Structure formats: C-alpha cells, structure tokens
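Rule-based calculations on the coordinates, nothing more; no lab input. Everything numeric here is computed off the predicted structure, so don't read it as measured data. Here the Cβ is made from the backbone with ideal geometry for all residues, glycine too, and neighbour counts use every protein chain on show.
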Amino acid sequence: MNNNFPKDFLWGGAIAANQAEGAAFEDGKGLSISDMMTAGSINKPRMFTLSLKEDTYYPAHTAIDFYHRYKEDIAMFAEMGFKIFRLSIAWSRIFPNGDDTEPNEAGLKFYENVFKELRKYDIEPLVTLSHFDIPMAIMNKYNGFHNRKTIDLFVRYAETVMNRYKDLVKYWLTFNEINVGVLPTGNLVLGIKPEQDGEVFDSPNNPDNPQVRFQALHNMFVASAKTVVLGHSINPNFLIGNMIAHFTMYPLTCKPEDILLTKEKDLMFNKFCGDVQAKGFYPFYALDYFDKNGIQIEFGPEDEEILKAGTVDMYTFSYYMSFCVSGDSGVEMTLGNLLGGAKNPYLKASEWGWQVDPEGLAYTLYDLYDRYQLPLMIVENGLGAVDNFNEDGEIVDDYRIEYLIDHIQSMNRALNQGVNLIGYTMWGPIDIISGGTGEMKKRYGFIYVDRDNEGNGTLNRIKKKSFEWYKKVIKSNGENL
Ligand code: BG6
C-alpha cells in the first residue's frame, strides 16, 4: 500500500509525570495519589496506602529521574526526530495542597524549562493536565472529584498553567483515560478516598459505590469542559482534546446475544465519555444505565450549557490490545489494559497477557472517526516486554519493532480510507515504571533505563535496536518500516 501519512504528521512518544519524573519531594511538590502506590507484578496487585509506610518501595518517588535528566532525554528524542512529545504536569508540583492561594513557582519553572527544551528542537509539547495524578490533599480534604469544589480547584490549576505556557504549548489534554471512571475499579483516578489501604485498581477492602463514582465522573466532565472553554479564551489556537482508554472489543461468536452484548459494553466503556466530551451531552444509553442502576447525577444549574460549550477540538485515545465479549460463562479469558475479556483464538498475547491486535487499530480508527468526525491522535500504543542484553551488550528488540510496524501499517490503512489521524505518540519511548504493575521490567522504550523493580540501578540511558529503527521511520514519514 502507498504511504498515506500526511507531510505534517506528528510522530513522537508519550510519558506521564508520575511514571517518569521522580523527585517526589523536591522543590515544594506535594504528595499525589500516584506517590502512594506500591510496586506490584502481574500476579501481585499494586497497593494504595493512605499514608506513606516505612520500608515500603513506592516506584513513583524516583521513577526514572526525568526531573533531573530531562535535557539528556529530550536530546535523545530529538535525535530520533520527534515532532511531538506527550508528557503530563504533576498538579501537586503547581498546587502542592490543591487549594493553595499561590502556585508553586519552582514547579512552574520546571515545566517552563522542559517546554523550552522541547521547543529548542522544534518538538511540540502535548500536555496532559491530569494523568492519574490528583494531589493527595484534594483526596483527603474534598474526596476528589466527588466534591464540586474540586472542579474549581482543577480549573484554577488549568488556568495557571495554560496562562503561563500559552506561547509554549499548543496541544492539551484534560484527563488521561477519563473512562477508567466508568469501571468499578476507577475510584482512585477520580480521587475518591478509600476507607482503608487496599489494591489500586480493585479493592475488596473498599467496595465501589457507583452513585459516588458516577457523580465524581460527572464533575470531572464539567471540569474538562470548563477547561476547554477557558483554554480557548487564553489562546484561540490551542487544540484541546479528551483522552480515552480504548478497549477494543469483538463478539466472541456471531451469536446475536454476543453481538448485542458487545455493542452494549462498547457503548458504555468506549463511547460514553467520548460522547459527553465530543458531543456535549449525556447519551441515551448512559441515562438508561443510570435509571436501571438507581444512579442519580446531580447537575449544577449551568452544567448542561458548560458541557455543550466545552466540547473538545480533537479526540485522542490509547490503544494496546483487544478482547472478545461472550454471553456464555466458562469461556477462556485474557488479561488486558485495565479491563480484560474473552480470549480471541486468532491473537497472540504479550508477556503480560495483553492480546496484540494491529488490525484492531484500523478498526478502532474507522469507528471513532465515523462517530466523531474530529481529528484523531493515538497518544499511547506499544508493547510492554522484558528486554535482555545480548553478549555484545545490546538489546535487540525485534519483537517491539514488529509490534510497532504492524500498528503503523494499520494506521496507514486507515489514513488510506480517509481517516483524519494527525499524530502518534507511542507509549514510553524511554523505559518508565509501569502504570498497571509499578514494575520497571515491563519496558516499552527505544531507550533502556538501568533500573530494576526494586529501585536498584544507575539510571543510565542506553539505546536499544529500535532507537535507530524509529528514527528511520520518522525520517521517511512512515515509508521506511
Ligand atoms: C495506560 C496508562 O492505561 O496504559 C499509562 O495511561 C500506562 O499510564 C499504560 O502506563 C500502559 O500500561 P502499563 O500497565 O503497561 O504501564
């Protein structure tokens, strides 16, 4: 197939503050919910602790030390030819207590330096305002987004950084994977305070309350929409997007019940939040879901208008894998990114059980572009794998290259059909700590970071084979895979 990538296609990579920066206690930063998460593994869930425990390893506290090494890292991204780099701002670096009267200048200065460094190489920053990173003080004082006061605190934070960086940053995302809030495991990312310490994503100790969770999600929608309106008033050239974790799903069989069930799940998990943020109102199936589950969302007097006024300029999403849906119990299951499902017999899975499905990316792009008709960006995609050095001291990560080639070809196919895909920031161009497990050994990068699961290592950066490969891809604008 011909190369269909437009000339100005935004090639790059993506990280998040809490998985990369470290320096958790430096320059006035306050604690964030991500600072309270321990390390886990595929078999051992990460734990969330309400206070920091002695003799416990919290990977976010040092992460990969991007805070001190960003110049070296950005130089390597520039060497690969990045056009765009996605990163998030740690809210608690700017407002350590969430409701401080003045922002923390040291925090503001840090991101200003980072954005200037990116600009030096003509790399566009793509900034996520909140990547699973709500200040602990907001959880403690306000129960996160369950309290409407948090809407104002978020908007003030957004106003502070959008004003400060209005000439340095053009691309913004409000909340990372906001639709995690639809899942019963999504309480923490909404800042809802658990009763006691427990598992990060699924805590039997802290039972889910859908009434509280969906109200918090509503308040997050309002905060996001207000931020879009505000951002446009600060700089009309801003492009502001939402960010959805896309759980691509297929019916396990052509049995009508499987097909219908897949449709219903797809609407609620994949489309609900995007519909609110891109269309500006609650879709019928969500209202029906609330009705059937006795959930009553309290709207503020102006919320309906705010949601309408604050629709996003672009739609962005993460895509790693797909799974199947079945009405039958007893079918074989697979793990996944935050959500798993029935195993697809045609797909292989990664070492962490995520099913690799490049075609599913084109399928998803058609689906989303058809529905929203907005510019699309894939802001996370990649393969988490264990990397080993060979005898020559190199990491020959052909498995990663193969994964990415297949997904880029799938993007090309969708572009060929007329999908307006404007950018691709693969996840973790430099190894960072895993969001799901807190491990270091689940690596996505073109750049290896010498650090292990227990926090040992020099933190030195080493290029993998895929480094030169991605450089070639960007240079040829997706032609030379
Ligand atoms: C996404 C998150 O869901 O998946 C990232 O936005 C996360 O923060 C990524 O790192 C990959 O998941 P994991 O668990 O492999 O790090």
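Computed values, structure above
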{"quantity": "Calculated FRET value between residue 468 and residue 348, using beta carbons and R₀ = 25 Å, to 0.05", "calculated": "0.45"}
{"quantity": "Sequence-distant residues sharing a close amide H with residue 86 (under 5 Å, placed H)", "calculated": "13, 14, 15, 126"}
{"quantity": "Test item: Cα-centred dipole of region 10-475, Lys/Arg +1 and Asp/Glu -1 on Cβ, debye", "calculated": "840"}
{"quantity": "Electrostatic dipole magnitude of region 1-120 [Cβ: Lys, Arg +1; Asp, Glu -1; Cα centre; debye, to 20]", "calculated": "540"}
{"quantity": "Fewest-first ranking of 232, 131, using other Cβ atoms within 10 Å as the exposure measure", "calculated": "232, 131"}
{"quantity": "Residues 316, 248, sorted so that the one with the fewest Cβ neighbours within 10 Å comes first", "calculated": "248, 316"}
{"quantity": "In order through region 409-420: 3J(HN,Hα) via Karplus (6.51 cos²θ - 1.76 cosθ + 1.60), integer Hz, x for Gly, Pro", "calculated": "4, 5, 5, 4, 4, 5, 4, 4, 8, x, 5, 8"}
{"quantity": "Loop chymotrypsin sites (Phe, Trp or Tyr not before Pro), region 388-471 (other Cβ atoms within 10 Å of the site Cβ: 16 or fewer; DSSP)", "calculated": "389"}
{"quantity": "Cα gyration tensor shape of region 311-423, rounded if a/c is under 1.5, else prolate or oblate by comparing a/b with b/c", "calculated": "oblate"}
{"quantity": "Simple spin-label estimate for residue 237 and residue 1 in nanometres, 7 Å along Cα-Cβ", "calculated": "3.3"}
{"quantity": "Largest to smallest principal axis extent of the C-alpha atoms in the chain, angstrom", "calculated": "61, 58, 48"}
{"quantity": "Estimated vicinal HN-Hα couplings, Hz - region 265-277 in sequence order (Karplus 6.51, -1.76, 1.60; Gly, Pro = x)", "calculated": "5, 4, 4, 6, 7, 9, 9, 3, 5, x, 4, 5, 7"}
{"quantity": "For the chain, calculated [θ]222 nm from helices alone, where every DSSP H run of n ≥ 4 adds -39500 (n - 2.57)", "calculated": "-10500 deg cm²/dmol"}
{"quantity": "Longest DSSP-loop-exposure-free segment, trypsin sites (Lys or Arg not before Pro), the chain, at most 10 other Cβ within 10 Å", "calculated": "8-347"}
{"quantity": "Residue 260 paired with residue 55, simple spin-label distance in nm, labels 7 Å along Cα-to-beta-carbon", "calculated": "5.6"}
{"quantity": "Residue exposure sequence - 58, 319 - by fewest surrounding Cβ within 10 Å", "calculated": "58, 319"}
{"quantity": "Loop-resident sites, region 252-296, for chymotrypsin sites (Phe, Trp or Tyr not before Pro), counting at most 16 other Cβ within 10 Å (DSSP)", "calculated": "281"}
{"quantity": "Among beta bridges that DSSP assigns inside the chain, antiparallel share in %, nearest 5", "calculated": "25"}
{"quantity": "Calculated diffusion of region 54-158, Stokes-Einstein form, Kirkwood radius summed over Cα pairs, 10 °C and 1.306 mPa s, µm²/s", "calculated": "104"}
{"quantity": "Cleavage-rule hits (GluC sites (Glu not before Pro)) in region 47-92: DSSP loop, at most 14 neighbouring Cβ within 10 angstrom", "calculated": "54"}
{"quantity": "Whole-Hz ³J(HN,Hα) from phi, Karplus 6.51 cos²θ - 1.76 cosθ + 1.60, for region 357-374, glycine and proline x", "calculated": "9, x, 4, x, 6, 4, 4, 5, 4, 4, 4, 6, 5, 4, 7, 10, 6, 10"}
{"quantity": "Label-to-label distance, nm, for residues given as residue 208 and residue 253 (7 Å Cα→Cβ offset)", "calculated": "2.7"}
